[in-house]
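Colleague: Next up is a structure, given as structure tokens.
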Amino acid sequence: MSFDYIRKLPTPDEIREQYPVPDSLVPIKQKRDAEIRDVLTGKSDKLLVIIGPCSADNEDAVCDYINRLAKVNDKVSDRLILIPRIYTNKPRTTGDGYKGIVHQPDPEKKEDFLHGLIAMRHMHIRALSETGLSAADEMLYPENWGYVSDILSYVAIGARSVEDQQHRLTVSGFDLPSGMKNPTSGDFSVMLNSVYAAQHPHRFIYRGYEVQTNGNDLAHTVLRGATSKHGRNIPNYHYEDLQILLGLYNERDLKNPACIIDSNHSNSNKQFDQQVRIVKEVMHSRHLSPDIHNFVKGVMIESYIEEGNQKVGGGVYGKSITDACLGWEASERLIYDLAELNY
């Protein structure tokens, strides 16, 4: 095998022991987890708003953003649950480009996985400590889940990961909401199969152990648009798409039917400013149909301090170095609009 074993990294238990979650934060996260669960099980009419940078590339800027979010949260918490995106792993279609803070704690320097794992955990703990908002992250590498499993309140499984068996089986061992995105092909059946797999118990190999899971009843779907065989982006957030997905849910034995709409990626044709229009259309669809209202539990929005994006080393504080994001002023207005529209 052409592998060079560079160094042995600390286990999740070792990292968690060195960088524990302060006892004072545990009940705050537990309360958040319970509130999010109530939305996905239908006990609460609040809307989940998973919002934040495409990739969490800079701890100071990300925590600055989340502190701003926390001030808005105080004004809308009766109607919305704001879940900040702290996405520390960035999938790359070709393997090139910035892969997230776990790979590169400093985007302008070489990979450093030891410090990357520490930086990932440190950022999540700092954000929760400063704001009381537990966050969402994407599980790009199932074996890395344990490094942050005690901090997160939401996990996303990306369009390129959702068909992978190890991702599906690992999610079946989670005790928190896990959004399974539709694959880049847009196939709803693939996405629903992933939800079915995640909701049921499994026995498999994980980090060198034989493990048994109980199934995750909070696994659900996320619509993020699709890409045709000709490379054209195809949205799937429209009223008709939601009706079709709900009908497919009703044909299957799945718990807690729920869908989140990702307003960027292929749904927006990567036009970040279109996210405002898209989430408002989703809210309109919820008003037109009580069934869709009960089914669509939230939205995902890519947002940062400065709008758009820049290349690595661009030097603009709070501006994405991956996908283009909505700026803070537009994001703040949109959150208030969502609160008004969630009736």
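Colleague: Examine the range 203-212 for a residue that is assigned to a loop (DSSP other than H, G, I, E, B) and either in contact with an Asp or Glu (Cβ under 6 Å, 6 or more places away or on another chain) or not aliphatic (A, V, I, L, M) (or both), and state whether such a residue exists.
Modeller: yes
Colleague: From 88, 93, grab the single residue that is touching a strand residue (DSSP E or B) at 6+ places or on another chain (Cβ under 7 Å) and in contact (Cβ under 8 Å) with a residue 40 or more places away in the chain.
Modeller: Result of the check over 88, 93: 88.
Colleague: Still on this structure, please answer the following. Among strands (runs of 3 or more DSSP E) lying entirely in the range 221-316, which contain 1 or more residues that are in contact with a Cys (Cβ under 9 Å, 6 or more places away or on another chain)?
Modeller: The qualifying strands (runs of 3 or more DSSP E) are 296-302, 306-309.
Colleague: While we're looking at this one, here's another question. Between a residue in the range 260-274 that is under 17 Å from residue 296 (Cβ atoms) and basic (Lys, Arg) and any residue that is part of a loop (DSSP other than H, G, I, E, B) and modelled with pLDDT under 95, which pairs come within a Cβ distance under 8 Å, given they are 6 or more apart or on different chains?
Modeller: Listed by first residue and then by second, the contacts come to nothing, as the list is empty.
To keep it simple, each residue is scored yes or no on (1) surrounded by fewer than 19 Cβ atoms within 10 Å (Cβ to Cβ); (2) more than 20 Å from the chain's Cα centre (by Cα); (3) more than 24 Å from residue 13 (Cα to Cα).
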{"site": "87", "(1), (2), (3)": "no, no, no"}
{"site": "92", "(1), (2), (3)": "yes, no, yes"}
{"site": "96", "(1), (2), (3)": "yes, yes, yes"}
{"site": "115", "(1), (2), (3)": "yes, yes, no"}
{"site": "120", "(1), (2), (3)": "no, no, no"}
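Colleague: Can you tell me how many residues within the range 21-70 are under 24 Å from residue 103 (Cβ atoms) and either in contact with a His (Cβ under 6 Å, 6 or more places away or on another chain) or loosely packed, with under 14 Cβ neighbours inside 10 Å (or both)?
Modeller: Total satisfying the criteria: 1.
Colleague: Also: Read through the list (1) modelled with pLDDT under 95; (2) part of a helix (DSSP H, G or I), then give the number of the only condition that residue 33 fails.
Modeller: (1)
Colleague: Here's a follow-up. Do we find a residue being in contact with a Lys or Arg (Cβ under 8 Å, 6 or more places away or on another chain), closer than 26 Å to residue 174 by Cβ and of a type in the set (A, V, I, L, M) anywhere in the range 263-282?
Modeller: no
The values are calculated or read from the model by the stated rules, or taken from the named source; none is laboratory data. The model shown is predicted, which means the values in this text are computed figures rather than measured ones. Glycine also receives a Cβ, built like all others from the backbone with ideal geometry; neighbour counts cover every protein chain displayed.
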